[in-house]
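Please treat every number below as a calculation from the coordinates, not as lab data. Since this is a predicted model, take the numbers as computed values, not measurements. Every residue, glycine as well, gets a Cβ built from its backbone with ideal geometry; the counts of neighbours run over all protein chains shown.
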Amino acid sequence: MSNESQQPESLLTSSVERLRHELDRWLEVAWSQGERAIDSLGLRGGERDWCPPIDVRETGDAVLVDVELPGVQPEAVDVTLAGHMLTITAPIAAAEQEGELRRRERPRGRFRRTIPLPVSVDPDKVEAESKFGVLRVRIGKAAGACEKRVPVRSSEPETTG
Amino acid sequence: MSQDHSLPTEPGTPDDGGERLPARTPERRLAAPPIDIFESDGGLVLRADLPGVTAEGLEVQVQDNKLTLFGRVTSTVPPEATVLHQEYEVCDFLRSFILSEEVDHDRIEAKLSGGVLEVVLPRADRPEPRRIPVKVQ
């Protein structure tokens, strides 16, 4: 009874704290699992129907992103790089049906994935190649991006005389 | 679709392929590829997703009435590359089907394009019912 006056404040603090913890947890899941988490939580709209698996690897001078896209025409794949976010979009051709469908297991529809790249990359060094149903996007790392020197100019007017 | 006897059915154990398949190293993971089956008047068309499988690494085999698909994936990853994020492993594909009598085994055709295998299973011509005269002795 003696600490009754402190009760509302501590209640408020603890609930704010709980909310903050909950948010942190969600953020952590989103951060560590990225697109997959958004997909598994069902937070995405109906803009994509399937989620092909991707692998991201790093070599000395490039980042390699491999996406399994069997049966997707290379010209239908759209690869864009904005900053360090790589977005891959592709529709899956639905015109290959002939006859009556008896069994359907292969994924179809359109998909879109955005992959955050872990290092700074050079937007002029992006190559995408599709081979045997696997799309590989090779993004060259930015040369010395972290140690670029910015020269400091003096903007003071020159004194004549 | 289980009532349709013309469709290929899968044997209980998927990994009992014939001995003539390429030697498989035990540590490589095997996955069953997803398939679509279409039926038309001419027969059946089976399509399987085999991303990363080349024509050299693909084995399509018909033994007795069993159709086996085996695809070996050759990794094209440079050895010095380090994995940052991995959602799939390099694994080989294996799946087999029991074909019905209605498939003409000699005319089965297979082609691979862009990681998709298409197997055409033509319908066998049904022999005309033959009347057997009964001799009375």
Once the in-chain neighbours fewer than 8 apart are removed, the lysines whose Cα is under 26 Å from B:Lys66 read B:Lys111
Short version: ³J(HN,Hα) in whole Hz for each residue of the stretch B:70-78, in order, from phi by Karplus 6.51 cos²θ - 1.76 cosθ + 1.60 (θ = phi - 60°), x for Gly and Pro, what are they? 10, x, 9, 9, 9, 6, 10, 7, x
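Ranked by Cβ crowding within 10 angstrom, fewest neighbours first, how are B:Lys135, A:Lys141 ordered? Intermediate results must be reported in sequence, preceding the final value.
Numbers: B:Lys135 5, A:Lys141 18.
Fewest-to-most Cβ neighbours within 10 Å comes out as B:Lys135, A:Lys141.
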Please report the net charge: other residues with Cβ closer than 10 Å to the Cβ of A:Glu105, K and R +1, D and E -1. +2
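Other chains' Cβ within 10 Å of B:34-41 residues: what's the mean? Mind dumping the intermediate values first?
On the way: counts 6, 4, 10, 7, 9, 6, 3, 2.
That works out to 6 on average.
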